[in-house]
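The values are calculated or read from the model by the stated rules, or taken from the named source; none is laboratory data. The shown structure was predicted, so the numbers you read here are calculated from the model rather than taken from an experiment. Neighbour counts are summed over all protein chains in view; Cβ atoms, including those assigned to glycine, are modelled from backbone coordinates with ideal geometry. All accessible areas refer to the heavy atoms of the entire protein, side chains included, with ligands and DNA or RNA removed. Shrake-Rupley method; radii C 1.70, N 1.55, O 1.52, S 1.80 Å.
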Amino acid sequence: MSAKIIDGKEFAATVREKVATHVTRLKADHDITPGLAVVLVGEDPASEVYVRSKGKLTVEVGMNSYEHRLDATTSEADLLALIEKLNADPAVHGILCQLPLPKHLNEDLVINSIDPAKDVDGFHISNVGLLATGQKSMVPCTPLGCLMMLRDHLGSLSGLNAVVVGRSNIVGKPMAQLLLRDSCTVTIAHSRTKNIEALCRGADIVVAAVGRPEMVTGEWIAKGATVIDVGINRIPAPEKGEGKTRLVGDVDFASASAVAGAITPVPGGVGPMTIACLLANTVTACCRANGLDEPEGLTA
Ligand code: NDP
């Protein structure tokens with residue numbers, strides 16, 4: 001293996017430290033404590049894990065955490081009424097509605113009912129538009145985390161060729177926007193893209209956000225390229241025992257790390273950065289709401 005491992009766990013800890021320092025300052029100088037409200041509808045086990053871990057880390061950095069757990073049968077009207085209440089609550093600076101929502105709820109409607117200034121997931125249509133036009137916005141946490149790691153490892157991204165594999169609204173598209181804003185030449189690849197391997201081989205940066213275990217192999221990667229693996233896939237691991245599973249990314253780590261210059265592992269890469277960026281977005285939202293200077297290095 002030749003690639004440098006970009007340690008997302010360690011980097012996320014430094015981001016959380018910066019957030020905690022700023023939270024302490026907000027309390028001491030302005031008597032303000034940032035607050036993050038997380039809304040979970042239903043009992044999706046993966047969402048339960050995320051929400052628990054978000055709540056724990058929110059408290060760890062000194063912020064207030066408000067958890068709202070609603071029954072899976074909650075009506076759209078009740079959910080919208082809760083969001084309206086949180087929008088109006090001055091103690092709440094960030095609102096996150098854990099996705100996916102149960103099928104009877106309209107996700108777009110719910111997301112767009114969140115006050116854009118409190119939309120710490122960055123999914124509100126206003127924030128999407130602001131990001132696309134290069135204006136100050138709330139930036140989706142996962143792409144923000146990827147950008148931070150890329151800047152930290154590469155310095156300036158200007159002029160680099162980047163391929164983003166995946167065009168989802170939550171990862172692929174905002175990732176491409178952020179790279180474009182940092183003056184990369186960006187190609188977005190998806191399930192209909194032709195010669196995807198050749199495109200990736202021409203890239204200085206490959207970001208894989210596909211949801212297909214180990215799809216991107218070393219043969220797709222140029223020597224020395226930087227590889228960011230967003231994928232989180234659980235696959236069978238019979239070597240660990242019957243019925244056991246393990247987590248892998250969208251990149252085949254063994255072959256890709258033999259040629260890449262740097263690579264994020266799964267787990268321990270993008271995942272921890274996503275939650276750290278959620279906390280960063282909450283402190284940023286709090287500063288903006290109070291007309292205060294934003295912390296440096298915590299936004300795009
Ligand atoms: P989506 O399913 O919404 O999007 C997947 C994208 O991959 C689509 O644009 C799709 O193309 C494209 N795609 C699918 N198959 C292929 C293929 N064979 N070749 C090229 N492109 C393909 O996924 P998400 O963006 O939500 O998530 C992607 C991955 O990232 C998942 O593994 C998810 O678990 C993980 N994730 C991790 C996070 C973290 O914190 N680390 C946060 C969010 C997601 P098309 O549009 O043409 O269908």
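Can you pull out the strands (runs of 3 or more DSSP E) entirely within segment 208-299 that have at least 1 residues that are modelled with pLDDT of 95 or more and either open to solvent by 10 Å² or more (accessible area, probe 1.4 Å) or out of contact with any helix residue (DSSP H, G or I) (no Cβ under 9 Å at 6 or more places or on another chain) (or both)? Lay out the reasoning, then the answer.
Details: elements: 226-229, 233-236, 245-248.
By residue number, 233-236, 245-248.
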Inset, instruction - Residues being more than 6 Å from the ligand (Cβ to nearest atom) and touching a Ser or Thr at 6+ places or on another chain (Cβ under 6 Å): count how many of those fall in segment 162-179. - result: 1
Inset, instruction - State the number of residues belonging to segment 67-89 that are closer than 17 Å to residue 107 by Cα and out of contact with any strand residue (DSSP E or B) (no Cβ under 8 Å at 6 or more places or on another chain). - result: 7
Inset, instruction - Could you tell me which of the residues 73, 58 is farther than 17 Å from residue 271 by Cα and not basic (Lys, Arg)? - result: 73
Legend entry - Residue in segment 180-192 that is most open to solvent (accessible area, probe 1.4 Å), counting only those that are within 15 Å of the ligand (Cβ to nearest atom) and out of contact with any strand residue (DSSP E or B) (no Cβ under 8 Å at 6 or more places or on another chain): 192
Inset, instruction - Using the structure shown, decide if residue 183 is at positive phi and of a type in the set (Gly, Ala, Ser). - result: yes
Legend entry - The lone exception for residue 162 - which of (1) open to solvent by less than 40 Å² (accessible area, probe 1.4 Å); (2) assigned to a helix (DSSP H, G or I); (3) within 19 Å of residue 225 (Cα to Cα) it fails: (2)
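Hey, could you check segment 42-52 for residues that are of a type in the set (D, E, K, R) and part of a loop (DSSP other than H, G, I, E, B) and say which is surrounded by the most Cβ atoms within 10 Å (Cβ to Cβ)?
The initial filter retains those residues of segment 42-52 that are of a type in the set (D, E, K, R), namely 43-44, 48, 52.
Next cut, part of a loop (DSSP other than H, G, I, E, B) only: 43-44.
On the way: 43: 11, 44: 17.
Among those that are of a type in the set (D, E, K, R) and part of a loop (DSSP other than H, G, I, E, B), it is 44.
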Legend entry - The one condition in (1) among the aliphatic types (A, V, I, L, M); (2) within 11 Å of the ligand (Cβ to nearest atom); (3) free of Cβ contacts under 8 Å to residues at least 24 places away in the same chain that residue 237 fails to fulfil: (2)
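Quickly run through segment 166-186 and pick out the residues that are more than 15 Å from residue 140 (Cβ to Cβ) and of a type in the set (Ser, Thr, Tyr). Write out each step before concluding.
Pass one, segment 166-186, residues more than 15 Å from residue 140 (Cβ to Cβ): 182-186.
Selection gives 183, 185.
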Legend entry - Members of segment 189-207 found to be part of a loop (DSSP other than H, G, I, E, B), touching a residue at least 40 places away in the same chain (Cβ under 8 Å) and within 23 Å of the chain's Cα centre (by Cα), listed by number: 203, 204
Inset, instruction - For residues that are farther than 19 Å from residue 160 by Cβ and near the ligand (Cβ under 9 Å from one of its atoms), tally how many sit in segment 193-227. - result: 6
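Please go through segment 53-68 and pick out each residue that is in contact (Cβ under 8 Å) with a residue 12 or more places away in the chain and either in contact with a Gly (Cβ under 9 Å, 6 or more places away or on another chain) or assigned to a helix (DSSP H, G or I) (or both).
Scanning segment 53-68 gives 53, 54, 55, 57, 58, 60, 63, 64, 65, 66, 67.
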